[in-house]
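Encoded as structure tokens, the structure appears first; notes follow it.
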Protein chains: 2
Amino acid sequence: MPEAQLAMARPIIHHRTQEFRDLMTETRQNLQRIFKTRNEIILLAASGTGAMESAVCNLLSPSERALAVVAGKFGERWVEICQAYHIPCSVLEKNAGEAASAEEICRKLDEEREIRAVLLQGCETSTATSHDLESIGRRIHQEFPDVLVVVDAITALATEPLETDLWGLDVVLCGSQKSFAISPGLAFLSLSPRAIGKMESVTSPRYYFDLRKELKSQQKGQTAYTPAVSLVAALNETTKEILRQGLDQVLAEADLMARCTRSALFALGFKLLSKSPARAATAALPPAGVSASELTKKLETRFGMKIAGGQGDLKGKIIRIAHLGYFDLPDMLALISAIELCLTEMNVEIEIGSGVRSALLEAARIKAPALSDRSAAAR
Amino acid sequence: MPEAQLAMARPIIHHRTQEFRDLMTETRQNLQRIFKTRNEIILLAASGTGAMESAVCNLLSPSERALAVVAGKFGERWVEICQAYHIPCSVLEKNAGEAASAEEICRKLDEEREIRAVLLQGCETSTATSHDLESIGRRIHQEFPDVLVVVDAITALATEPLETDLWGLDVVLCGSQKSFAISPGLAFLSLSPRAIGKMESVTSPRYYFDLRKELKSQQKGQTAYTPAVSLVAALNETTKEILRQGLDQVLAEADLMARCTRSALFALGFKLLSKSPARAATAALPPAGVSASELTKKLETRFGMKIAGGQGDLKGKIIRIAHLGYFDLPDMLALISAIELCLTEMNVEIEIGSGVRSALLEAARIKAPALSDRSAAAR
């Protein structure tokens, strides 16, 4: 986003000034509106993994058990972090593309009453699979009121509907580089009052990620350690832009991009990887005989378009198309067209134009607000 | 620096690409030249405190004792980090403005043979005091070959001479916002082969700051977790600029700024806080009856010039003037002139012009290379 890029280029303001305090305070308030929460927001000079670690080591002592929902690579990271801190961690494992249900999670919590926190992704980015946070959050809150719900929403925030307070999500964490479309290097998380209460007694070692100290500073618009000033300035611009467009509009645009992309890929013979496809990204297996890696590479060399491949076991098997950040429907239509051309050049038999046509039909069906309406809303 | 600011504004390159690998590799190599080392360099998406913590938790197990040199606020941070990780920490405490000598440190190491690492600052920024890293590094290395030497060089690097390899400094760590003059949010550190060897057996919990994992990734131009891409791009520009000017020239300019500032402040009736004044910054007590806070505030409101005050016990008692980053001698001369005007407006009796004259005499005495020579050297 040009405003955020320009903010990055501005001279760096000193962080022990009123100017920076105002910037921090406004940014934290904007994030509250995007997180749909009255909870405290903490910013960290770190990438998303740092925020995941901070949630674990501030909320769990080595004697306390966690439950990690592992539906892909980022779910596995919860387990690794718990291991690093000697925190026992039970695992609810799902096959690639499958989401965990509230029922399954609550069954686990019922079986293992010593579990103190559930760690999961809002969207498991490695498989582009979305978990039903609403039912998960509400049911855990109702049936297991002592269990904290910790959500990595790095790709879910500002793509999927997410009601931090209504659904009882104790920690929601995010990074700067996805929906907020600025450089990685800044992470932020919301903390419910009971999460804050819990932090006080937790014995896991932490210093840079000690959220007790950060909370005290950030409530005054400061940070415990030197903040990533330019990234905060850029994030401030992006949060303003999201609120200016309206969060509902941003979510609707992600949904529109995701639906149209799925429709196009289906028409072109791809299979969706996910049984609970996310709005943040679409993961798909190419038609038989088509190499995902070749297609990805061709899109880049031929058109300079970057889509992702698979990670871990899925490497070389899938393509992943992002619908978040500084993208809109026309970008997706251009990408789908480019995919059609690449497939044709790879001698894959497709009905040329069928992908774009499907996407257009889907877009027409959804009757998204016209661009002029959106521009009007933006004012 | 304009080149770095423009790099911040550029579209963000994806970090799993050859383009980013090349950027990382070049930046790490440039840092090696600035650190004067063949040791491995690790970049972290964190501020300097994160790098301090990573050094502690990767090099010391909870059973192993550290020695922290505490000559001010940043020395205290070593003790706090050790406490957070349950690492016993002995302290060599110095009064504000005093440096620790190699003799004192070695005496401590001799008395407490179980100490496994010495943690110190190259320059204690809170008092603008420089430790003699050369004699400290060499003597520890010679007399206590099993003790690791860990240096926070956040303000010392590229201001003071620093020979990582020649002086046997096992870890040297730095941040992006001081000599490198870009936004905070990126930290980097060098690791000697014996530090790398030690990491393998250390049991302190760590995940985001696990340098074993980072090392493996960064040797391939990658990072274990998403890197702060734009900050890496900006750092790349600054490292190139420092090497283009020549490190010796950059050090000489800091020295020149520091000497002229000290001379000017002395002429204006200030007293130096430090008995071992750093090149990175000058800390001084104003003449009797002059409020440091009032002077600091006046410089800002009247001229938009920002100098620092004291921290902790020194709050309100001293001024601190930085000589690092995007500053040169003319900036210092302008600042000294402004200080003279502010003092006059505060009805402090000074011989107007005496500060600048002293600074100029000092500059003339040092016979710094003329600007034209420096420009020639820069080419």
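Structure values in brief
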read-out: The one condition in (1) at pLDDT 95 or above; (2) within 14 Å of chain B (Cβ to nearest Cβ); (3) surrounded by fewer than 23 Cβ atoms within 10 Å (Cβ to Cβ) that A:Thr17 fails to fulfil; value: (1)
read-out: 1 or more residues among the acidic types (Asp, Glu): qualifying strands (runs of 3 or more DSSP E) within the range B:15-117; value: B:40-44, B:89-93
read-out: The range B:1-14, subset hydrophobic (A, V, I, L, M, F, W, C) and part of a loop (DSSP other than H, G, I, E, B), residue nearest to the other protein chains (Cβ to nearest Cβ); value: B:Ile12
read-out: Total residues in the range A:63-82, condition touching a Phe, Trp or Tyr at 6+ places or on another chain (Cβ under 6 Å) and within 12 Å of chain B (Cβ to nearest Cβ); value: 1
read-out: Only listed residue being over 20 Å from A:Glu64 (Cβ atoms), over 20 Å from the mean Cα position of the chain (by Cα) and either away from every other protein chain (no Cβ under 14 Å) or polar (S, T, N, Q) (or both), chosen from A:Glu104, A:Glu112, A:Glu134, A:Glu143; value: A:Glu104
read-out: All positions within the range A:280-316 that are in contact with a strand residue (DSSP E or B) (Cβ under 7 Å, 6 or more places away or on another chain), in a loop (DSSP other than H, G, I, E, B) and more than 14 Å from chain B (Cβ to nearest Cβ); value: A:Ala280, A:Pro286
read-out: Residue within the range B:148-160 that is more than 21 Å from B:Glu53 (Cα to Cα), modelled with pLDDT of 95 or more and among the β-branched types (Val, Ile, Thr) present; value: yes
read-out: Qualifying residue in the range B:225-240 (condition: surrounded by fewer than 21 Cβ atoms within 10 Å (Cβ to Cβ) and either assigned to a loop (DSSP other than H, G, I, E, B) or in contact with a Gly (Cβ under 9 Å, 6 or more places away or on another chain) (or both)); value: no
read-out: Residue in the range B:249-264 that is acidic (Asp, Glu) and part of a loop (DSSP other than H, G, I, E, B) present; value: no
read-out: Residues of the range B:243-257 satisfying the condition of being surrounded by 18 or more Cβ atoms within 10 Å (Cβ to Cβ) and either in contact with a helix residue (DSSP H, G or I) (Cβ under 8 Å, 6 or more places away or on another chain) or modelled with pLDDT under 95 (or both); value: B:Val250, B:Glu253, B:Leu256, B:Met257
read-out: Hey, B:Ile319 touching a helix residue (DSSP H, G or I) at 6+ places or on another chain (Cβ under 8 Å) and either at pLDDT 95 or above or hydroxyl-bearing (Ser, Thr, Tyr) (or both) or not; value: yes
read-out: Extreme residue, surrounded by the most Cβ atoms within 10 Å (Cβ to Cβ), among residues of the range A:265-279 that are among the hydrophobic types (A, V, I, L, M, F, W, C) and either out of contact with any strand residue (DSSP E or B) (no Cβ under 7 Å at 6 or more places or on another chain) or not in a strand (DSSP E or B) (or both); value: A:Ala278
read-out: Cross-chain or 6+ apart pairs with Cβ under 7 Å, the range A:1-12 first and farther than 13 Å from A:Val232 by Cα, then buried (at least 16 other Cβ atoms within 10 Å of the Cβ) and aliphatic (A, V, I, L, M); value: A:Met1/A:Ala181
read-out: Output for the range A:122-170, where each listed residue is assigned to a strand (DSSP E or B), of a type outside the set (Ser, Thr, Tyr), over 20 Å from A:Leu247 (Cβ atoms) and touching a residue at least 40 places away in the same chain (Cβ under 8 Å); value: A:Glu124, A:Leu148, A:Val150
read-out: Subset of the range A:161-178 [crowded, with 24+ Cβ neighbours inside 10 Å, more than 14 Å from chain B (Cβ to nearest Cβ) and not aliphatic (A, V, I, L, M)]; value: A:Thr164, A:Asp170
read-out: Close pairs from the range B:222-237: first in contact (Cβ under 8 Å) with a residue 60 or more places away in the chain and within 7 Å of chain A (Cβ to nearest Cβ), partner in a helix (DSSP H, G or I) and aromatic (Phe, Trp, Tyr), Cβ under 8 Å, at least 6 apart; value: B:Pro227/B:Phe20; B:Val229/B:Phe20
read-out: Residue count, the range A:25-62 (criterion: farther than 13 Å from A:Cys174 by Cβ, surrounded by fewer than 24 Cβ atoms within 10 Å (Cβ to Cβ) and within 14 Å of another protein chain (Cβ to nearest Cβ)); value: 2
read-out: Exclusive hit being in contact with a strand residue (DSSP E or B) (Cβ under 7 Å, 6 or more places away or on another chain), aliphatic (A, V, I, L, M) and assigned by TED's automatic domain parsing to the domain that holds A:Ala117, set A:Ala9, A:Ala55; value: A:Ala55
read-out: Residue match in the range B:115-127 (condition: β-branched (Val, Ile, Thr), more than 14 Å from chain A (Cβ to nearest Cβ), touching an Asp or Glu at 6+ places or on another chain (Cβ under 6 Å) and more than 18 Å from B:Arg33 (Cβ to Cβ)); value: no
read-out: Positions within the range A:302-321 being crowded, with 22+ Cβ neighbours inside 10 Å and out of contact with any Pro (no Cβ under 7 Å at 6 or more places or on another chain), in sequence order; value: A:Gly310, A:Ile318, A:Arg320, A:Ile321
read-out: B:Glu214 closer than 30 Å to B:Arg10 by Cβ, part of a helix (DSSP H, G or I) and touching an Asp or Glu at 6+ places or on another chain (Cβ under 8 Å); value: no
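The values are calculated or read from the model by the stated rules, or taken from the named source; none is laboratory data. Please read all numbers here as calculations on a predicted model, not as lab measurements. With ideal geometry, Cβ positions are generated from the backbone for all residues, glycine too; neighbour counts draw on all protein chains shown.
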